[in-house]
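Student: I am attaching a structure below and will ask some questions about it afterwards.
The values are calculated or read from the model by the stated rules, or taken from the named source; none is laboratory data. In this text the structure is predicted, and so the values were computed from the model without any measurement. Positions of Cβ are generated from backbone atoms using ideal geometry, with glycine treated the same way; all protein chains shown enter the neighbour counts.
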Amino acid sequence: MSDKNAKAQAMVLAAGLGKRMRPITDHMPKPLVPVAGKPMLDHVLDKLALAGFDQAVVNSHYLGQMIVDHVATRTLPRVLCLPEEDLLETGGGVKKALPMLDDQAVLVANADVFWTEGTEPLFDRLTEAFDPDHMDALLAIYPVEGAFGYDGAGDFFWQVDGRLKRRGDAASAPYFFTGVQILSPKLFENTPDGAFSSNLVYDKALASGRCFGLVHDGDYFHIGTPEALADAEIVIAEALADEGAARMAKAAKAGGG
């Protein structure tokens, strides 16, 4: 059973405005928009539960009471709600939550992202790969060419030793950030009070050579608009079926069946 006084080791960012998902988000926050039969936020929280996280902080802002009410009955993970009266952006949101979070390393995930698992669950891979002696940030990245619905130019180059390098002035980069990461709380030292982007702490980690990337090996879906959601649903159903079949095959192999 969860110790209610223990610090959470994960945070889910659910305070965005979801403007591109209008009119769906006229009456609900984007994290509660259903994908594959349940809200995107629940997909993330369920994955945290499977990875062994028993407590998670969830922030909220736009139509935030709907999120607070939605997670009120969850027990695994138990959700610690953190409403934001003023929108703090990603970096400011995490900084505000630090007193509620583990002081060694924190897994942070956007509430409005969707992926299926690869050879091992993404959260498991991240926690196993994070090395606090050499890393301050470990970002889950994905190939630009392989993502469903992504039309950006990419964010990072992934170097031979696993370190990340920003796209910078290049026309494109082969990987983009998925919205899932592990961060050292010390990155937030000497950061502004109030709103700021997580890019500020990424730049600190990049400058010190302590920002690494892990390539997700399952499927990833960029769902930014109602049209993208409609297009994705059929592909997601097929991907989830494949994921379930792979999980059953793995269980059978482990059991000698």
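Student: For residues in region 120-130 being assigned to a loop (DSSP other than H, G, I, E, B) and without any contact (Cβ under 8 Å) to a residue 60 or more places away in the chain, which is surrounded by the most Cβ atoms within 10 Å (Cβ to Cβ)?
Tutor: Restricting to residues being assigned to a loop (DSSP other than H, G, I, E, B) and without any contact (Cβ under 8 Å) to a residue 60 or more places away in the chain, the top hit is 130.
Student: Additional query: Looking at region 148-161, which of its residues are touching a Pro at 6+ places or on another chain (Cβ under 9 Å) and assigned to a loop (DSSP other than H, G, I, E, B)? Give the derivation first.
Tutor: To start, the set of residues in region 148-161 that are touching a Pro at 6+ places or on another chain (Cβ under 9 Å) comprises 154, 156-158.
Across region 148-161, the qualifying residue is only 154.
Student: What are the residues in region 1-15 that are among the small types (Gly, Ala, Ser) and either modelled with pLDDT under 90 or exposed (fewer than 13 other Cβ atoms within 10 Å of the Cβ) (or both), if any?
Tutor: Within region 1-15, the first condition is being among the small types (Gly, Ala, Ser), and the residues that meet it are 2, 6, 8, 10, 14-15.
Those that are among the small types (Gly, Ala, Ser) and either modelled with pLDDT under 90 or exposed (fewer than 13 other Cβ atoms within 10 Å of the Cβ) (or both): 2, 6.
Student: Next question, about the same structure. Quick one: which residue in 48, 88, 63, 82 is in contact with a Pro (Cβ under 7 Å, 6 or more places away or on another chain) and within 21 Å of residue 184 (Cβ to Cβ)? Break it down into steps so the answer makes sense when it comes.
Tutor: Working: 88 fails: in contact with a Pro (Cβ under 7 Å, 6 or more places away or on another chain); 63 fails: within 21 Å of residue 184 (Cβ to Cβ); 82 fails: in contact with a Pro (Cβ under 7 Å, 6 or more places away or on another chain).
Going through 48, 88, 63, 82 in turn, just one is in contact with a Pro (Cβ under 7 Å, 6 or more places away or on another chain) and within 21 Å of residue 184 (Cβ to Cβ): 48.
Student: Another question, then. Test of understanding: among 178, 191, which residue is closer than 21 Å to residue 113 by Cα and among the hydroxyl-bearing types (Ser, Thr, Tyr)? Talk me through it step by step, then tell me what you get.
Tutor: On the way: 191 fails: closer than 21 Å to residue 113 by Cα.
Being closer than 21 Å to residue 113 by Cα and among the hydroxyl-bearing types (Ser, Thr, Tyr) holds for just one of 178, 191, which is 178.
Student: Now a separate question. Which one is surrounded by the most Cβ atoms within 10 Å (Cβ to Cβ), of the residues in region 66-76 that are of a type outside the set (A, V, I, L, M) and modelled with pLDDT under 95?
Tutor: 74
Student: Give the residues of region 77-97 that are among the small types (Gly, Ala, Ser) and either surrounded by fewer than 17 Cβ atoms within 10 Å (Cβ to Cβ) or closer than 12 Å to residue 57 by Cβ (or both), sorted by residue number. Walk me through how you get there before you give the answer.
Tutor: Initial filter on region 77-97 (among the small types (Gly, Ala, Ser)): 91-93, 97.
Scanning region 77-97 gives 93, 97.
Student: Out of the residues in region 25-46 that are exposed (fewer than 15 other Cβ atoms within 10 Å of the Cβ) and within 13 Å of residue 233 (Cα to Cα), state the one that is farthest from the chain's Cα centre (by Cα). So that I can check it myself, show each step before the final result.
Tutor: In the first step, residues of region 25-46 are kept if they are exposed (fewer than 15 other Cβ atoms within 10 Å of the Cβ); the result is 26-27, 34, 37-38, 46.
Applying the additional criterion that residues be within 13 Å of residue 233 (Cα to Cα) yields 34, 37-38.
On the way: 34: 17, 37: 19, 38: 17 Å.
So, considering only residues that are exposed (fewer than 15 other Cβ atoms within 10 Å of the Cβ) and within 13 Å of residue 233 (Cα to Cα), the one farthest from the chain's Cα centre (by Cα) is 37.
Student: Now, a different point. Name the helices (runs of 4 or more DSSP H) wholly inside region 7-109 in which the number of residues that are more than 26 Å from residue 125 (Cβ to Cβ) and in contact with a Phe, Trp or Tyr (Cβ under 8 Å, 6 or more places away or on another chain) is 1 or more.
Tutor: Numbers: elements: 40-50, 64-71, 89-97.
In region 7-109, 89-97 are the helices (runs of 4 or more DSSP H) which contain 1 or more residues that are more than 26 Å from residue 125 (Cβ to Cβ) and in contact with a Phe, Trp or Tyr (Cβ under 8 Å, 6 or more places away or on another chain).
Student: Turning to a different aspect of this structure: On the given criteria, is residue 117 farther than 22 Å from residue 203 by Cβ and crowded, with 19+ Cβ neighbours inside 10 Å?
Tutor: Numbers: farther than 22 Å from residue 203 by Cβ: yes; crowded, with 19+ Cβ neighbours inside 10 Å: yes.
It is true that residue 117 is farther than 22 Å from residue 203 by Cβ and crowded, with 19+ Cβ neighbours inside 10 Å.
Student: Quick test for you: out of 8, 72, 51, 15, pick the one residue that is small (Gly, Ala, Ser) and in contact with a Gly (Cβ under 8 Å, 6 or more places away or on another chain).
Tutor: Going through 8, 72, 51, 15 in turn, just one is small (Gly, Ala, Ser) and in contact with a Gly (Cβ under 8 Å, 6 or more places away or on another chain): 15.
Student: Regarding residue 55, is this residue polar (S, T, N, Q), surrounded by fewer than 21 Cβ atoms within 10 Å (Cβ to Cβ) and more than 18 Å from residue 179 (Cβ to Cβ)?
Tutor: On the way: polar (S, T, N, Q): yes; surrounded by fewer than 21 Cβ atoms within 10 Å (Cβ to Cβ): no; more than 18 Å from residue 179 (Cβ to Cβ): yes.
So residue 55 fails the test.
Student: Do we have any residue at all in region 198-208 that's part of a loop (DSSP other than H, G, I, E, B), of a type outside the set (A, V, I, L, M) and at pLDDT 95 or above?
Tutor: Step one: list which residues in region 198-208 are part of a loop (DSSP other than H, G, I, E, B), which gives 198, 208.
In the following step, the residues that additionally are of a type outside the set (A, V, I, L, M) were identified as 198, 208.
Then keep just the ones that are at pLDDT 95 or above; that gives 198, 208.
Yes, because at least one residue in region 198-208 is part of a loop (DSSP other than H, G, I, E, B), of a type outside the set (A, V, I, L, M) and at pLDDT 95 or above.
Student: Take region 217-228 and flag every residue that is in contact with a Gly (Cβ under 8 Å, 6 or more places away or on another chain) and not in a loop (DSSP other than H, G, I, E, B).
Tutor: The answer is 220, 221, 228.
Student: Only one residue in 187, 164, 139, 214 is part of a helix (DSSP H, G or I), touching a residue at least 12 places away in the same chain (Cβ under 8 Å) and of a type outside the set (Ser, Thr, Tyr). Which one? So that I can check it myself, show each step before the final result.
Tutor: Numbers: 164 fails: part of a helix (DSSP H, G or I); 139 fails: part of a helix (DSSP H, G or I); 214 fails: part of a helix (DSSP H, G or I).
Within the list 187, 164, 139, 214, the selection yields 187.
Residue by residue, here is whether (1) aromatic (Phe, Trp, Tyr); (2) touching a Leu at 6+ places or on another chain (Cβ under 7 Å) holds:
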{"position": "117", "(1), (2)": "no, no"}
{"position": "122", "(1), (2)": "no, no"}
{"position": "130", "(1), (2)": "yes, yes"}
{"position": "156", "(1), (2)": "yes, yes"}
{"position": "163", "(1), (2)": "no, no"}
{"position": "185", "(1), (2)": "no, yes"}
{"position": "200", "(1), (2)": "no, no"}
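Student: Something else about it: Could you check region 155-187 and list, in sequence order, the residues that are within 17 Å of the chain's Cα centre (by Cα) and within 29 Å of residue 234 (Cα to Cα)?
Tutor: 155, 175, 176, 177, 178, 179, 180, 181
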